[in-house]
Amino acid sequence: MLTIKSAAMALALTTAMAAPAIAATMRWAPQRDIVSMDPYSYGDTFTLSVLNHVYEGLVRYDATLQIEPALAEKWEVVSPTVWRFHLRKGVKFHDGADFTADDVLASLKRVSDQTSPLRGNLPAYVSSEKIDDHTVDIHVTENYPLLLNDLTNIHIFDQGWLVTNKAEAPTDVAKGVEGYATSHANGTGPFKFISRKPDVETVFDVNPDWWDKRQHNIDRIVMTPITSPATRVAALISGEIDFTNQAPLQDIPRLQASSNVKVLSNNELRTIFLVMNQSPKAFESDVTDKNPLQDIKVRQALYHAIDADAIQKVVMSGLSRTTGSLVAPAIPGYVPDLDKRLSYDPDKAKALLAEAGYPNGFSFSFLCRNTEFVNEEQICQAVSAMWARVGLRPNLNVGPTTIQDAKFDTLQFDVGTLGWANEPMLDSYSILVQVVHSKTGNAGVFNWGAWKDTEIDGLIDEAGRTIDRTARLALQSKALQRANDLSMFIPVHQQPMAWAVGSNVKDVLQLSDNKARHWLTHMAD
Amino acid sequence: MSVEPKVERETLRVHFARLWDSDLAWNFRNSPLAVVSATVLLVIAFTSIFAGVLMPQNPFDIMQLFLDKANLPPVWSEGGAMPYVLGTDMQGRDVLSAIVYGSRISLVIGVASVAVSMTIGVLVGLLAGYIGGALDNFLMRLADAVMSIPTLLVAILVSAIFRGLLPVEYRDTFAPLILVLALSLTSWVVYARMVRAVTMVEARKEYVMAARIINVPRRRIILKHILPNVMTPALVTGTLNLGLAILAEATLSFLGVGMPSAQPSLGTLIRLGNQYFFSGTWWIVLFPALQLTLIILAVNLLGDWLRDALNPKLK
Amino acid sequence: MLLLVLKRLANAVVVLLFVALLAFTIFKFLGDPVQLMLNPQATQEERDALTQRLGLNDPVPVQFVKFVANAVQGDFGMSYRNQLPVMGVIAERFPATFELVMVSSIAALLIGLPLGVFAAINGGSFMVRVAHIISMIGVSVPAFVIGILLILAFSIELQVLPAFGRGEVVDLGFWTTGLLTSSGRYALIMPAISLALFQISFIMRLVTSEMLEVLRTDFIRFARARGLRARAIYFRHGLRNCLMPVVTITGMLIGDLIAFALVTEIVFQWPGMGFLFVQSVQYVDIPVMAAYLMIVCCIFILINLITDLIYVVVDPRMGATAIGGSNVR
C-alpha cells in the first residue's frame, strides 16, 4: 500500500507532524503539467526545464546564462564540421550504471531519429563517433556556431536502460504503444524520479550521489499542477503549496500583501510583438484590391496608435518591459539603440493613414490566442480599442492556440500576435532564422507575415555561416536594424514572469529564461 | 378579419376584466412570492431591452473602453467614480452596463431555446401521439437516443460541432444561435413526451372521435381540438425549463464553450471575473453572479407558482 | 422479460454508435493536434510526416471505422498529450469522479429525504415555506457560483478547507481512495456540497410532491380511519410508497451527475474524468475526448437500463413504456 503525500491540509498541525518524516519537501504548483517524463517527447520548454532536474545535457547554462560544462568536462572544435567532447568521469545514472560515450551516442541517435519531435532542436547534427569510453566526436554541417546552445537541451539517457526497456527509438504516438520512457526515468541529475500521475502529481527525490556539489537542501519535490489561477493563489496563501512559477499578474498585490508569500518577478526573454500579413491582397478587409499592410506608412500608423505604456500599466499590472526591440536585452545580438519605440501619437497615426490613402481607416482581421502568452487576450482587446480610436476597424478574433496557429500558418489573418523567447538557443539567430527569414528550406517556419526581403535574408544566411561570435552578432544586429527600419513587426513588450514562494522557501534562483532550477534552491530549516 | 378599433378595444377591456377576475389572477395577487418574482423579472427585462438608453456605456463598443478607467471599484468604495456605479473591469468596461447587456443575452438565449424546443417538442408530440404507429415508434426511439446522452455533454458537443463547422470569423456572430440550438436539441424531448401522452388521451375522447366520423380534416382536429389542450401543460413546462435553460447557457459560457468574451453573457462575465477573484477586484465576478442567481431564482419561483396554480390537485 | 432486456441492449448499442459518430465527427473540426505535438522549430516536412503517421490524412469514414473497431476492444488509442494509453488515463481518473458523485448523492438522499417528508407533513406552516424558498435557491444558484463562494469563505478567509485537489489518497492497486485519510475527507467536503446542493433541493421537492400524492390516496385515508398513529402512517405507508420513484430517479441523477461533475471538478481542480475532459478539449487530445464521451454515455445508459429494469420488476404495469431517462438539468 503506497501512501502519497499530496496537497496537505493547511493546518499547522499536519505540517508539524509531517516534518520529521520528510526533512524538506518542495511543493510546486505549476499552471499545467509536464507532458511526459520523456525529454524527447515534445519540444515543450516547460517540460524540458522540469525534466532537467532528472536528466542533464553535455553542457548547461550557469547562473548568468553562460554555457558551462555539465556531463562534458571540456570540448574543442577539431575541424569546421567536427566537435570533440571529453566526458566527465565517475558520473553514475540513478540506477547505478556508469556514464560513458555509449550513452551519448545512444541519446544522440534517439534524438535525431526520423520520428523524434525534438529533431529540430539539433538542426546541424550529422553523426557522432566514439573515440574512447569518455570521448565523443560530433559531426555537424559546415560552420555551425550554435551547437553548444542546442546541446543544453539534449538530455542524456543511459544506453543500457534504453536497450533493456526497448526504448532506443523515441515514442511514436501513431503506433499506439506506450513508451517506457514516458512514465519512467533514469538520468544523472540532482533528483531521482519517484512516481507520476499525469495532471495530478509527480514526485522527485534527491539524488545523494549526484556528481556536482549539492547546493540545495530539498529532499523531495512534489509537483501538483493547478490550472486555475485563482485556485493557485488560494493554495499559496493558505500554505498548501510552496512554489509556483506562474503567479497570476493580477493577484500579485494580494500575494505581496500576504505575510507568508513572497513574489519574485522579472522580465522574461520572450518578446511579444504583432505580425502583419504581407500577402498581395488583404485577407479580410474592406480594401479588396490590395493589401494596405504592405505600405510602410500603414504599418507605422498601426505602431504609432498603440499606447504601450497604458498596456504596461493596466493590462500587465506594471510588470512588463515595454520595448521597441524584437529581442530581450539578455539575448546576444540585442542593440540598445534599437530598443526605442515609435512614439504613441494617435494624430500622427491618423495623418499617416491619410497619407497612405486611408483617411477613414480600413477594416482587417486581428488574430489572437487566449492560452499562449501572459494576458494575451486582454492585450489584444486593449490594442483593438486603441486602433479603433484612430479610425481603424480591427475584427478581433480570439481562440485557442491550436485553432489560431493553423490560421497563422495558412495566412488566414491580417494582423496577429507572436512571441519569441529564442529558446533553447538563447541567441537572436533563432528569431532571425525562424521568424524574419523568408520561407526557404528549414528557415522561416514562423515567418507568419510571409516577408521576403533579400537583403535581410542575405544578412541572416551569412550569420549562419560565421563562426566568429563578434562578427556573427554584428551581422545579426544589422538584420534586426533592417527589420526595425522596415517596421516589419510592432514590438509590444518583454512579458513578465512572476514566481511566488511560501515563507519556508529561503532562496530560489530566477533567471530570465523563466526556468526553475531547484538544485540551487534553499528551503528554511 | 377586420374589426372596428373601438370594438377591439372594448373586447380587450372585457378580456382583461375577465383575466383579472380569473382564478389564476386571483391566485397571483395573493401569492407574494409570485408578485415579487414577476416584478424582478419585469425590471430586469425592461432594463435589458432599453439598455442602450439606460446604461452609461455600450460594453460591446471598444471605442467606449478606456484603459485609464480600468479596475475602478464601485462608487461607494474609495476610488470609485460615476458613472461606473458598480465599478469597471480591467478593460475599462462598466460592470453595471456589462451585467445589463449580459442579462439581455442570457434572457434572449434562454427564452429562444425554450421557444424552439417547445415548438419542436409540441409538434413531435402531436404527430407521434395522434398518428402513432411507425412514426411514433421512430420519434420516440429518437427521443430515447437523445436522452441517453447527458444533457450537458450534448450541449458541449453540439456547440463544438457548429463552432467547428462555421468559419472562424462567423463564430462570434452566430454564437447565440449555436447556443440556442445546442440547448434545444435535448430539451424538446420533455415537451414531446408530455404532449404525446396528453394527445393520446385526447384522441380517444368522444368529441375527437365524433369529429373524425364527420370527416373533419386531420390537421384541423390536431390544431383546433388537441393543441389547445396541450398548450397549458406545455407552457408550464416551458416556464419551469426557462430557469434550466438560462442555467445551462451560463454553465456553457463559464466553461468557455458558450458566448465569447467580446459579447459576454452573464456566464462569460463570471468566467472572466473568476480569474480576478483574489486580486481584490471582487466586483467583477460578484455582481454578475448575483444577477444570474436572481434571474434564475425569479424564473423558477414563477414557474413553480404557475404549476401549482394550474394544477389544483396539489393544493 | 429477457426480450425486454435484449431490446434495451440493442437500443443502447445503436445509441452508442450514434454517440461515437457524433463525437468523432466534431473532433475533426476542433483543431490540429500536430501543432501541439511538435515543437515550434519543427519544419513543414516533419509536420506533414506526423500528420501522415497519425492517420489524419485518411478519409473520415476510414478513421471512424478504425476508431469503432478499436473502441469495441476497449482500445481508445494513445493520448496525444501525454503519450499514455487512453483507457489507463481515464481509469486512473474514474475513482475521483465516482467518489465525488457517490458521496454527494448519498448526502443528498440523507438530507433531502427527511426535509421532503417534513415539508409534506407540515404543509402550509411557516417553516415549510422557508424550506421551500431555500430549496428553490438550491436549484437556482449555479454550481460554479457556489464553488467559488465556498472557496472564498473556507479556503481564503477561514483557511480551514483545502482549495484544490483530493488531499492524500490511498492506492489500493485497482482503486485510489481519498476516504481513508483525513486530508482526503476534508478535501471532499466542499466539492461534494457544491455538487449535492442541486440534488438535495431536487430530492426534497420530489419527495414532497410524491408524499402529497400518496397521502391523498384512499388507503392512507383508510389507515387514518382505522386510527393508526400519524407517524406510522407517514413512514410505514406514505414514505414507503414514494420511496421507489425517489430512489430510481436519484439513480438516474447519478448518471447525469457524472457528466455534470465536470463543472465542480474544474472549480476545485478535482482530478476526475471531467477535469481530464476539459483539459483534453484545450489540448485537442482527440482520443481522450472520444473515450470520455463513450465511457460516460455507457455509464449513463447502463444506469438508466438498470433503473428501467428495476421499475419493471417492482411495478410490472410500467412495462416497456417505463420512464426513459432523466432530464433534470
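Read the figures in this text as sums done on the coordinates, not as results from a lab. Remember, it's a predicted structure, so these values are computed and weren't measured experimentally. In this analysis, Cβ positions are derived from the backbone assuming ideal geometry, glycine residues included, and neighbour counts consider all displayed protein chains.
Miscellaneous remarks
- Computed magnitude of the charge dipole of the stretch C:89-276 (debye, nearest 20; Cβ of K, R +1, Cβ of D, E -1): 1140 debye
- Approximate spin-label separation B:TRP282-C:ILE306, in nm, with each point projected 7 Å along Cα-to-Cβ: 4.3 nm
- Ranked by how many other beta carbons lie within 10 Å on average, peptides C:140-151, A:455-466, C:253-264 from highest: C:253-264, C:140-151, A:455-466
- DSSP H segments from chain B that extend 27 Å or more along their own axis, Cα-based, with Kyte-Doolittle mean of 1.6 or above: B:95-131
- Selected from A:SER116, C:LEU3, C:GLY272, residue furthest toward positive end of dipole (the protein assembly as shown; charges at beta carbon): C:LEU3
- Per-residue average of Cβ from other chains inside 10 Å of C:80-93: 5
- C:SER182-C:LEU158 FRET efficiency (beta carbon distance; Förster radius 22 Å; 0.05 resolution): 0.80
- For a label point 7 Å along the Cα-to-beta-carbon line of B:LEU235, residues of the stretch B:270-311 with backbone N under 12 Å: B:306-307, B:310
- Contact order relative to length of chain C, as percent, for alpha carbon pairs under 8 angstrom and 6 or more apart: 25 percent
- For the protein assembly as shown, the residue among C:LEU84, B:LEU286, A:ASN260 whose Cα projects farthest onto the positive side of the dipole built from Cβ charges is B:LEU286.
- Magnitude of the charge dipole, the protein assembly as shown, Cβ model with Lys/Arg +1 and Asp/Glu -1, debye to 20: 5220 debye
- Cα-based Lys pair tally, the stretch A:268-496, threshold under 15 Å, eight or more apart or on separate chains: 4
- Backbone N under 13 Å from the A:THR164 label point (7 Å along Cα→Cβ), restricted to the stretch A:75-112: A:93-98
- Packing rank of B:52-61, B:173-182, where each peptide gets the mean count of other beta carbons within 10 Å, highest leading: B:173-182, B:52-61
- Cross-link reach list, aspartates and glutamates versus A:LYS166, counting only Cα pairs under 18 Å and skipping chain neighbours closer than eight places: A:ASP38, A:ASP95, A:ASP102, A:ASP103, A:ASP113, A:ASP158, A:GLU178
- On Cα atoms only, tilt of A:346-355 relative to the major axis of chain A in degrees: 60 degrees
- Remark on A:ARG60: its backbone amide H falls under 5 Å from those of A:GLU68, A:ALA70, a criterion applied only to residues 5 or more positions apart or on other chains, H modelled at 1.01 Å from N.
- Helices in chain C that qualify as membrane-span-like (whole DSSP H runs, Cα extent of at least 20 Å along the helix axis, mean Kyte-Doolittle hydropathy of -0.5 or higher) are C:2-27, C:86-121, C:126-140, C:182-215, C:240-268, C:286-314.
- Charge tally around A:ASN291: other residues with Cβ under 12 Å, Lys/Arg +1 each, Asp/Glu -1 each, net -1.
- Within 10 Å of each Cβ in C:246-258, the average number of Cβ atoms from other chains: 1
- For the stretch A:268-496, the dipole from Cβ point charges (+1 on Lys and Arg, -1 on Asp and Glu) about the Cα centre works out to 180 debye, to the nearest 20.
- At an R0 of 22 angstrom, the distance between the Cβ atoms of B:MET82 and A:TYR344 translates into a FRET efficiency of 0.20.
- Under the Karplus curve 6.51 cos²θ - 1.76 cosθ + 1.60, θ = phi - 60°, whole-Hz ³J(HN,Hα) for the stretch A:105-121, x wherever Gly or Pro sits: 4, 4, 5, 5, 5, 5, 6, 9, 4, 4, 9, 7, x, 8, 3, x, 6
- Across the stretch A:305-310, rounded Karplus estimates of 3J(HN,Hα) from the backbone phi angles (6.51 cos²θ - 1.76 cosθ + 1.60, θ = phi - 60°) give 6, 8, 8, 5, 5, 5 Hz, Gly and Pro being marked x.
- Among C:SER194, C:CYS242, C:LEU158 - extreme Cα towards positive end, dipole of chain C, charges at beta-carbon: C:CYS242
- Close amide H partners of A:LEU87, meaning residues 5 or more places away or on another chain with modelled amide H under 5 Å apart, are A:GLU73, A:THR135, A:VAL136.
- Sum of side-chain charges, B:ILE120 neighbourhood, beta-carbon under 14 Å (Lys, Arg +1; Asp, Glu -1): +2
- Spin-label pair A:ALA406/A:GLU142, simplified geometry with 7 Å Cα→Cβ offset, distance in nm: 4.1 nm
- Relative contact order %, chain A, counting alpha carbon pairs below 8 Å whose residues are six or more apart: 19 percent
- Pairwise label distance in nanometres, B:VAL75 with B:ILE214, each label 7 Å out on the Cα-Cβ vector: 6.7 nm
- For chain A, the gyration tensor built on C-alpha atoms gives an oblate shape. Its axis ratio a/c (a ≥ b ≥ c) is at least 1.5, and a/b is not larger than b/c.
- Net charge over other residues, Cβ less than 14 angstrom from the Cβ of A:ILE467 (K, R count +1; D, E count -1): -2
- Phi angles across the stretch A:291-302 convert, under the Karplus curve 6.51 cos²θ - 1.76 cosθ + 1.60 with θ = phi - 60°, into 3J(HN,Hα) values of 10, x, 5, 6, 8, 4, 5, 5, 4, 5, 4, 4 Hz, Gly and Pro given as x.
- For the peptide A:310-316, the mean number of other protein chain Cβ atoms found within 10 angstrom of a residue's Cβ is 3.
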